[in-house]
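S.K.: First the structure, which I've put down as structure tokens, then a few questions once you've had a look.
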Amino acid sequence: MERTLAIIKPDGVARGLIGEVIKRIEEGGFKIVAAKMLHLTRAQAQGFYAVHRERPFFNDLTAFMSSGPAVALVLEAENAIARWRELMGATDFRKAAEGTIRRAFATDIEKNVVHGSDAPETAAFEISYFFNRFEFVG
Ligand code: CMP
């Protein structure tokens, strides 16, 4: 079994998509083993996306991610990292496959509704960024 971090980003929460995203996660066969709602500070968003700090979109991205409440979830499944990325679709919603969350709901390369870890090392970092060991079930 593998674990990955999923975030329903501030655009997804503001647009009333929490239920829709969680429905797709549950129907996709993932077990949700941790969950919380939180409004990141700018500094917390900068720490989370530290790998992107040299990218031209870093300032906008961290402003957006701290602009409103988000939902963080830890998903468990066989190949959870790859499978959650498949369900989300490509970062750029215009390139995302039919049937994916981003294809259906994203409006912008930045406001793309959901986040998912991209590798085992980033999943470990990202999960521990949001959750301590007492916050898991199952
Ligand atoms: P996410 O999967 O959370 O990882 C980095 C985020 O940066 C990405 O989703 C987008 O929300 C945002 N972003 C904004 N512009 C770009 C870009 N040009 N390329 C990749 N990611 C971008």
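The values are calculated or read from the model by the stated rules, or taken from the named source; none is laboratory data. Since we're looking at a predicted model, the values are computed, not measured. Note that each Cβ is placed from the backbone with ideal geometry, even for glycine, and that neighbours are counted across all protein chains shown. The accessibility values were calculated without ligands, DNA or RNA, using every heavy atom of the protein model including side chains. Shrake-Rupley method; radii C 1.70, N 1.55, O 1.52, S 1.80 Å.
S.K.: Is it the case, given these coordinates, that residue 63 is in contact with a Ser or Thr (Cβ under 7 Å, 6 or more places away or on another chain), at pLDDT 95 or above and either assigned to a helix (DSSP H, G or I) or among the hydroxyl-bearing types (Ser, Thr, Tyr) (or both)?
M.R.: When the stated conditions are applied, residue 63 does not pass them.
S.K.: Follow-up question, since we're still on this one. Looking at the range 96-108, is at least one residue touching a Pro at 6+ places or on another chain (Cβ under 8 Å), assigned to a loop (DSSP other than H, G, I, E, B) and over 20 Å from residue 1 (Cβ atoms)? Give the steps one after another, and end with the answer.
M.R.: Start the filter on the range 96-108 by keeping residues that are touching a Pro at 6+ places or on another chain (Cβ under 8 Å), which leaves none.
No, every residue in the range 96-108 fails to be touching a Pro at 6+ places or on another chain (Cβ under 8 Å), assigned to a loop (DSSP other than H, G, I, E, B) and over 20 Å from residue 1 (Cβ atoms).
S.K.: List pairs: first in the range 7-28 and more than 18 Å from residue 64 (Cβ to Cβ), second open to solvent by 20 Å² or more (accessible area, probe 1.4 Å), Cβ under 6 Å, 6+ apart or cross-chain?
M.R.: Every condition considered, the pairs that remain are 28/87.
Yes/no matrix, rows are residues, columns are (1) away from the ligand (no atom under 15 Å from the Cβ); (2) within 19 Å of residue 123 (Cα to Cα):
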{"site": "3", "(1), (2)": "yes, yes"}
{"site": "31", "(1), (2)": "yes, yes"}
{"site": "40", "(1), (2)": "no, yes"}
{"site": "55", "(1), (2)": "no, no"}
{"site": "60", "(1), (2)": "no, no"}
{"site": "74", "(1), (2)": "yes, yes"}
{"site": "78", "(1), (2)": "yes, yes"}
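S.K.: Taking the range 86-138 as the search range and keeping residues that are near the ligand (Cβ under 9 Å from one of its atoms) and open to solvent by 80 Å² or more (accessible area, probe 1.4 Å), which one is farthest from the chain's Cα centre (by Cα)?
M.R.: Once the filter is applied, the top-ranked residue is 109.
S.K.: What number of residues in the range 47-63 are open to solvent by 70 Å² or more (accessible area, probe 1.4 Å) and not charged (D, E, K, R)?
M.R.: Within the range 47-63, residues that are open to solvent by 70 Å² or more (accessible area, probe 1.4 Å) and not charged (D, E, K, R) number 4.
S.K.: Report yes if residue 43 is more than 14 Å from the chain's Cα centre (by Cα) and either open to solvent by 10 Å² or more (accessible area, probe 1.4 Å) or hydrophobic (A, V, I, L, M, F, W, C) (or both), otherwise no.
M.R.: Details: more than 14 Å from the chain's Cα centre (by Cα): yes; either open to solvent by 10 Å² or more (accessible area, probe 1.4 Å) or hydrophobic (A, V, I, L, M, F, W, C) (or both): yes.
So residue 43 fits the description; yes.
S.K.: A follow-up question, please. Please name all residue pairs, on different chains or six or more residues apart, with Cβ atoms under 6 Å, provided the first residue is in the range 29-54 and is without any contact (Cβ under 8 Å) to a residue 60 or more places away in the chain and the second residue is open to solvent by 50 Å² or more (accessible area, probe 1.4 Å).
M.R.: Close Cβ pairs satisfying both conditions: 37/69; 39/69.
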